[in-house]
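Worksheet for the structure shown next.
The values are calculated or read from the model by the stated rules, or taken from the named source; none is laboratory data. Not measured: the values here are computed from a predicted model. A quick note on method: Cβ atoms are made from the backbone with ideal geometry, for glycine too, and the neighbour counts reach across all protein chains shown.
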Amino acid sequence: MPDIPPDKDTVAQQIRHLQDTLYVVSGKWKLPILVAIHEGNSRFREIQRSVHGITTKVLSTELKALEQNKLVVRRVYDTSPPTVEYTTSSYCDTLQNMVLEMIAWGKKHRDRIRED
């Protein structure tokens, strides 16, 4: 855990910032969706196939939330039927270090739990 200064206002402010972050990326699906899109899965069905266990309804809801938070860009092409593609935004790149750290921590945690 990072050293948080003992000042009450500072701690409260840091907790608010942490809650803001969790609001945007929390849940079972948002980060896996972002990783799937970042790795080149741009169409709805491609994303759904790469994120095992996600339902159509949940994927649709999560994509809308990610778009509202400016992490995903949705593009609709004038084809018949319409083609829809998703890409991660340049703003999403600001999450890269955090996501890589979470992946590394998850691997270490899984290895540690298996040791017992």
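Here V11 meets the list (1) of a type outside the set (D, E); (2) modelled with pLDDT of 95 or more; (3) out of contact with any strand residue (DSSP E or B) (no Cβ under 8 Å at 6 or more places or on another chain) almost entirely, failing just condition (2).
Inside the stretch 57-116, residues that are within 19 Å of S42 (Cβ to Cβ) and of a type in the set (K, R) make up a count of 4. Of all residues in the stretch 14-37, those being modelled with pLDDT under 95, crowded, with 16+ Cβ neighbours inside 10 Å and not β-branched (V, I, T) number 0. Checked across the stretch 39-58, the condition of being within 11 Å of the chain's Cα centre (by Cα) and surrounded by 16 or more Cβ atoms within 10 Å (Cβ to Cβ) holds for no residue. L71 meets the stated requirement of being surrounded by 15 or more Cβ atoms within 10 Å (Cβ to Cβ), in contact with a Cys (Cβ under 8 Å, 6 or more places away or on another chain) and not polar (S, T, N, Q).
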